[in-house]
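In what follows, a structure is listed as structure tokens, so that the remarks can point back to it.
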């Protein structure tokens, strides 16, 4: 074998290894994207839209995962779950007479439940981001409830909007409380009968 053949073979080997490395990197990146999409669902698309790129969004979602891994998220003791459930039923019963008060109480009760489970109480966007890691299906409910509550504070929300906000809060509340399916019927009743 002459020197030219040896050099050509070495160059070819380097090119093949580079192609394999790039292929492995692309495959790994695709798997990571698929994993994040699977875990975060609609929150993935929201992050991509907000961040302006998939790379930035995925970096943010991975950072959320790492942050939440550091939390000590604990299940509720049965006595606490009962107390929270009773508090929710009470606030729901007061909605007709005091929708504004019930809306404020719903927000406070959700915050208290988050704290009891082990979520830190940062600003709203941080709380929503933290919730999105383990509860991506309901984080949009939380955002919708907060948006209506903000409109209510400005005097722009009517009673129907406040009712919808309480229903949105209830979706997150149930998810955090880990309420059984038969108890979710109460939410459906409120959605149909304000």
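Please verify whether residue 54 is touching a helix residue (DSSP H, G or I) at 6+ places or on another chain (Cβ under 6 Å), surrounded by 14 or more Cβ atoms within 10 Å (Cβ to Cβ), farther than 16 Å from residue 133 by Cβ and modelled with pLDDT of 90 or more, treating the condition exactly as stated. So residue 54 passes the test. For residue 46, the criteria (1) surrounded by 13 or more Cβ atoms within 10 Å (Cβ to Cβ); (2) more than 27 Å from residue 137 (Cβ to Cβ) hold in every case but one, which is (2).
The values are calculated or read from the model by the stated rules, or taken from the named source; none is laboratory data. If you're wondering where the values come from, they're calculated on a predicted model, not measured in any experiment. Neighbour counts run over all protein chains shown; Cβ positions are idealised from the backbone, glycine included.
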